[in-house]
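The block underneath contains the structure these notes are about, expressed in structure tokens.
The values are calculated or read from the model by the stated rules, or taken from the named source; none is laboratory data. All values reported here derive from a predicted model rather than from experimental measurement. Note that we place each Cβ from the backbone using ideal geometry, even for glycine, and neighbour counts take in every protein chain shown. SASA here: full protein model, heavy atoms, side chains in, ligands and nucleic acids out. Shrake-Rupley method; radii C 1.70, N 1.55, O 1.52, S 1.80 Å.
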Amino acid sequence: MDKERPLFILAGNGPYENRGCEAIVRGTTKILREYFRDPRFVCLSHFDSDNQYLKQCQSETDPDIVHQAVNRVRKREVIRRFWKPSTWTHLYQRFFNPDALKYWTYEKIYPHLDEAKAVLSIGGDNYGIASKYPTIFTNLDDIVLEKRKKLVLWGASVGPFNAIPEFELSMSSHLKSVSGIFARESSTIEYLKTIGVVNNVYPVADPAFLLDPIKPPHIEDKVPIETGAIGLNLSPLMGYYVTGGDQKKWTQIAAKIITDVMKKTEMPVYLIPHVIISGSNDYEFMQNAVSLMEDKFKKSVTIVPAYSAAEQKWIISQMDIFAGARTHSTIAALSTGVPTLSLAYSIKALGINRDIFGDESYVLRSDNLNALSVAERVISISENASTIRRLLDDKIPDMRNLALRAGEHLQMLIDI
């Protein structure tokens, strides 16, 4: 019976502790259910630990999703199992036989590949950070293409890779080989044109635009939300772009950002985490920033605890204004009509804003990001909030339709 239901492999994502990764999955399943009858899903994702993987399996709310973990050689595991022959085999493969390591990394995809209608590489910006070689993702692509299966970079931002010309050339060749690149913003499409990748590129919007907000149970008792509030999302990741990775300095700047926004707007501030992964935890980072603030300001700021992606989207939707460093926190705001300042470090935020507003009026790039600039831009957005809301009311339905159109494009590719 199950084999009559189409199977899709959603690969390359991170754990749900990154609410953006969860939002992508939820939006993607919504799209595929619109275009395919009663589909099933295997999510082949990257996890930091076995506990993280098991927790996600146990907390999954969609009965049609099965989770699998990508195999990884972790330093702690290597040290703990140094005496085992299998450890030495993995080390040998890593340094002397990378092809064998590639197949071992993705061995859990093989039981599902023959049956799958398509493999969707759903990480969003797996190909979008210029400083990293996306070898772990191109390896996945190679495996899928070897099996002559449809492979789509789904809701993706790509590049730029021009800092290393020879790498850019190889990536151009690789990207031309995939079945489709479903680009979630115009900046990616423009960049791909410059490296000759055109014929397999389809404009879409991020699937997270389709995530339905859900009101958390008993939220009034746990985190009562005042009217006329500002939501802020500040991430430790942004510190790599603002201070070159000096997290102590970036925490101090974040504390000043929160304080200056409160001073200049006199509005209640809610700090809303969107990633709670160990080592890149928005909640802990913003908690540390608040600890550096004066007591009189500490009392007037609320740190929102971790909720699911849909629940965080509902909380964000209750804000009058939002400013966010995590891209999917800003998508949650924009897609619910909240005037939003995007704190940007890559092409994805720039492109999404251009596609909605036609320019970068509501983007603050990381090289200009400081307490004064954030506070001033928040005030400007506050003064123009009604105009921005009208723009969003007009444009967001188009973005949702563009996100849905990914299903139409996929259906066409599968039928070829």
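Could you report the stretch 230-396's accessible area per residue, 1.4 Å probe, as an integer in Å²?
Value for the stretch 230-396: 38 Å² per residue.
Lys and Arg at +1, Asp and Glu at -1: add these up for the other residues within a Cβ distance under 12 Å of Ile257 and post the number.
+2
Would you work out the Kirkwood radius for the stretch 229-365? I mean one over the mean of 1/r across all pairs of different Cα atoms, in Å.
It works out to 14.9 Å.
Going from most exposed to least, what order do Thr135, Thr227, Thr28 have by accessible area with a 1.4 Å probe?
Working: Thr135 70, Thr227 130, Thr28 0 Å².
Heavy-atom accessible area, descending, gives Thr227, Thr135, Thr28.
Count charges around Ala69 for me, please; just the other residues with Cβ under 9 Å from its Cβ, Lys/Arg as +1, Asp/Glu as -1.
Counting the neighbours of Ala69, the net charge comes to +1.
The stretch 16-39 to the stretch 358-416: how many Å between their Cα centroids?
Between the Cα centres of the stretch 16-39 and the stretch 358-416 lies a distance of 20 Å.
Would you kindly find the accessible area of Phe167, with a 1.4 Å probe and non-protein molecules such as ligands, DNA and RNA excluded, rounding to the nearest 10 Å²?
Phe167 has an accessible surface of roughly 30 Å² with all protein chains in place.
Leaving ligands, DNA and RNA out of it, report the carbon-plus-sulfur percent of the accessible area of the stretch 230-396 at a 1.4 Å probe.
The C+S portion of the solvent-accessible surface of the stretch 230-396 is 44 percent.
How big is the Rg/Rh ratio for the stretch 295-416, C-alpha atoms only, Rh by Kirkwood, two decimals? Please report the intermediate quantities before stating the final value.
Values: Rg = 16.3 Å, Rh = 15.8 Å.
Result: Rg/Rh = 1.03.
Please compare each pair in Lys30/Lys193; Lys117/Lys176; Lys193/Lys348; Lys215/Lys264 to a cut-off of 22 Å on the Cα-Cα distance and tell me which ones are over it.
Lys30/Lys193; Lys215/Lys264
Please state the Cα pair-distance histogram of the chain with 10 angstrom bins from zero: what percent is in each bin?
Result, from short to long distances: 4, 22, 31, 26, 13, 3, 0 percent.
Give me the one-decimal Kirkwood hydrodynamic radius in Å for the stretch 156-195, with the sum taken over alpha-carbon pairs.
10.3
Sort Lys150, Lys193, Lys249 by heavy-atom solvent-accessible area, probe 1.4 angstrom, most to least.
In descending accessible area the options line up as Lys193, Lys249, Lys150.
Quick one: Karplus J couplings for the stretch 147-161, per residue in order, coefficients 6.51, -1.76, 1.60, θ = phi - 60°, nearest Hz, x for Gly and Pro?
The phi angles translate into 8, 6, 9, 5, 10, 10, 7, 9, x, 9, 10, 10, x, x, 10 Hz.
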